[in-house]
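Asker: For reference, the structure I am asking about is given below.
Bear in mind these aren't lab numbers, they're just calculated from the coordinates by the rules spelled out. None of these values were measured; they are calculated from a predicted model. Here the Cβ is made from the backbone with ideal geometry for all residues, glycine too, and neighbour counts use every protein chain on show.
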Amino acid sequence: MTNANPLWKILLLAAVVFVGALLALPNIFGSDLAVQISGRGNPLDPDQSFIAKSTIVEGEFEDVEFREEDDRLIALFKNQDDQLKAQDSVRRKIEQATTTVSLNLVSASPDWLRNISEPMYLGLDLRGGVHFLFEVDMDEAIKSAEERYVSDWKRAVREAKIKGFKIQHTDGKISARFNVVADRDKMLEAFRSEGGDLDFSTSEDDKYGYITANLNDIAVDEEKRAVLQQNITTLRNRVNELGVSEPVIQQQGLERIVVQLPGVQDTARAKRILGATATLEYRLVYGTPTDWSSGTVPPGAKRYKLREDGSPILLQRDIIVTGDQIKDASSGFDQQSSQPAVFVNLDGVGAKRMQAVTQDNVGNLMAVVYKENRIETSFVDDKEVSKEVKTEEVINYATINDVLSHRFQTTGLGGDEATDLALLLRAGSLKAPINIVEERTVGPSLGAANIRQGFLSALVGLVLVVIFMAWYYRIFGMVAGAALILNVVLIVAVLSLLQATLTLPGIAGIVLTTGMAVDANVLIFERIREEIRSGSSVQAAISSGYDKAFTTIADANVTTLIAAVVLFSLGTGAIKGFAITLSIGIITSMFTAIFGSRVIINAIYGGKRGKTLAI
């Protein structure tokens, strides 16, 4: 028995070392601060690219470098102040409806290396940013779902030409009251034929017959799932509009959504955009200023307040178009007044409605109603209290001078308000309100400190283990140390290849793997010692040590791998990051400890007839 290495084993180990080092190398160069300008769903328009580049050049920032790759323009900066100023300047100049401007971190590797591999992504706790945990108001969602039946019931009763009824949604249920019990029984059948998702009950007294209904359990569950998925989709659209690279938006449980925005510094704006339900309504103005100031509100009118001075104004109850019919929106400035404006594009239905109404009302006044629902938090007796605040105000009204159709503009908002409203109109509305139940902000300086401390802990752990192994097992210990270093390189290489996100728990998984990875070598080396003490030859002891320890090593690593898989399956967020690095570390350590170290040991001792080993 000579323990000689076949050529394929040497070539395989050399290939793994070379490829692993190449994939892990970009992480040594680190990342540069960048502003990324890209198209919204389409390649970046050359004109917008030129405007963005010119704006940055005019800013005279220190040592700016430009890259054009993957249909996007990337500007690299030396410090974060320049990065934030450049982002703000570019946002003010480009067409926001077609172009996204986002903060980013890009690889600082040489060009030839970037074409081969990219570094790992950095998680929120390493890069900095904001973490939100939203809870969806399911009670409001179910209420809204049931209220949709009220108009259907009213329409059905009118079509049946029944008089003497009242239909409303109160106390968490749909109720219908009829003056004649026979009419109630007739409409009950009609309601049941159209409302398969409702549970009905009836009652009566001396005067009236009643029908009450609620969504059944199956319909409630389906509505909750639909609401959650719709809100996730809307939040994802809003995050895309904010221009955040590598966001995390995922469901947690049955009523909660996690949103992580790496690199976001303006957390107040992020909260306002993600949780807002702002939209527009267009209505015709009712009467004259004299009518507005009177104390009575005619049946066909509704009273509002003007944003400008708080004075009253009456609008017609019939809505021309709503935010749901807005297909696209962008912010800019009115060419005549230079005021901030929101440019609106309507869908086909909205355009036809707008055209028909304005055609019949040229010379009359049309108003724009701004509607917003937001959550305000205050403290009462040291207890945090959240309440929903609803705002409805007229931001603008003007004379209809011509027939309007698909595209027109709305003024009356501030610059930031116009930008945010255009964003919300593009991204869509939330199907149900959401409340922030948890918020964490990690500053970029804290993220940098986490990187330094995490790297230091991994390095110190690795060095101490290598020193101990070299002292205790001599040459075999140094081989185990080389295998351990290769193991760490392979973990980083695999994370880079998968473009996984590295977090603090992920670093903890790497540190833990550093200690666990030598377990296999300890088992092998102790087995070799036992074989030598029992009188086996050097070559037989080496062969027997590796062969007989394999089963024990496999059992130990497989059971740990099962635990890691369970952690990944059932855990969330940070636990998943820990489980991923632990799983990768277990698999790579099996290769380096069993295969890699044996190839090196065979290269050192293979074919030699000595009677002792430096172990």
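Asker: Order these by the 10 Å Cβ neighbour count, fewest first: W153, W471.
Answerer: Ranked by crowding around the Cβ, least crowded first: W471, W153.
Asker: Out of G253, T559, S536, whose Cα points farthest toward the positive end of the dipole of the chain (charges: +1 Lys, Arg; -1 Asp, Glu; placed on Cβ)?
Answerer: S536
Asker: Normalised by the number of residues in the stretch 145-241, what is the relative contact order in percent for Cα pairs under 8 Å and 6+ residues apart?
Answerer: That works out to 23 percent.
Asker: Let me ask something else about it. With unit charges on the beta carbon (Lys/Arg positive, Asp/Glu negative), name the residue among V220, T170, A418 whose Cα is farthest towards the positive pole of the charge dipole of the chain.
Answerer: V220
Asker: Further, regarding this structure: What's the exposure ranking of E135, E69, going from fewest to most Cβ atoms within 10 Å?
Answerer: Sorted ascending by nearby Cβ count, the order is E69, E135.
Asker: What are the aspartates and glutamates whose alpha-carbon lies under 17 Å from the alpha-carbon of K548, with same-chain residues fewer than 8 places away excluded?
Answerer: Hits, sequence-local ones excluded: D519, E526, E530, E531.
Asker: Right, here's the next one. Using the alpha-carbon atoms, what tilt in degrees (0 to 90, nearest 10) does helix 574-590 show relative to the longest principal axis of the chain?
Answerer: Helix 574-590 and the main axis of the chain meet at about 30 degrees.
Asker: Here is a follow-up. Pop out the Kirkwood hydrodynamic radius of the stretch 73-202 from its pairwise C-alpha distances, inverse of mean 1/r, in Å to one decimal.
Answerer: Computed over the stretch 73-202, the radius equals 21.2 Å.
Asker: Also: Lys and Arg at +1, Asp and Glu at -1: add these up for the other residues within a Cβ distance under 12 Å of N79 and post the number.
Answerer: -3
Asker: Count the lysine pairs in the stretch 133-241 that are 8 or more places apart or on different chains: how many have C-alpha atoms under 18 angstrom apart?
Answerer: Pairs that pass both the separation and distance tests number 14.
Asker: Which log10 I(q)/I(0) values does the stretch 139-216 give at q = 0.24 Å⁻¹ under the Debye formula, counting every alpha carbon as one identical point scatterer?
Answerer: -1.16
Asker: Can you spot the lysines whose alpha carbon is less than 28 Å from K85's alpha carbon? Ignore those fewer than 8 places along the same chain.
Answerer: Answer for K85, where 28 Å is the Cα cut-off: K53, K93, K271, listed by chain and number.
Asker: Of the labelled options (1) 65, 33, 19; (2) 59, 26, 21; (3) 37, 30, 27, which one gives semi-axes √(5λ) of the Cα gyration tensor in Å as computed for this structure?
Answerer: (1)
Asker: Using +1 on the beta carbon of Lys and Arg, -1 on that of Asp and Glu, and nothing else charged, what's the dipole of the stretch 124-259 about the Cα centre, debye to 20?
Answerer: For this selection, approximately 580 debye.
Asker: What does the charge dipole of the stretch 31-108 about its Cα centre add up to, to the nearest 20 debye, if the Cβ of each Lys and Arg holds +1 and the Cβ of each Asp and Glu holds -1?
Answerer: That gives the stretch 31-108 a dipole magnitude of about 280 debye.
Asker: Can I ask one more? On C-alpha positions alone, give me the angle between the axis of helix 538-570 and the longest principal axis of the chain, in degrees, nearest 10.
Answerer: Roughly 10 degrees between the two axes.
Asker: Continuing with the same structure: Using 0.36 nm per residue, how much length does the chain from H406 to I218 gain when fully extended, once their Cα-Cα distance is taken away?
Answerer: Additional length available on full extension: 63.7 nm.
Asker: What number, rounded to the nearest 500 deg cm²/dmol, is the helix-based mean residue ellipticity at 222 nm of the chain, given -39500 (n - 2.57) per DSSP H run of at least four residues and division by all its residues?
Answerer: Calculated at 222 nm, the ellipticity per residue is -16500 deg cm²/dmol.
Asker: On to the next question. Taking the Cα atoms only, what angle lies between the long axis of helix 415-427 and the longest principal axis of the chain, rounded to 10 degrees?
Answerer: Between the helix axis and the principal axis of the chain, the angle is about 80 degrees.
Asker: Can you find, among V492, T234, V130, the residue sitting farthest towards the positive end of the charge dipole of the chain, where Lys and Arg contribute +1 and Asp and Glu -1 at Cβ?
Answerer: Selected residue: V492.
Asker: Sticking with this one: Let me spell out the model: positive unit charges on the Cβ of Lys and Arg, negative unit charges on the Cβ of Asp and Glu, origin at the Cα centre of the chain. What dipole size does that give, in debye rounded to 20?
Answerer: 1680 debye
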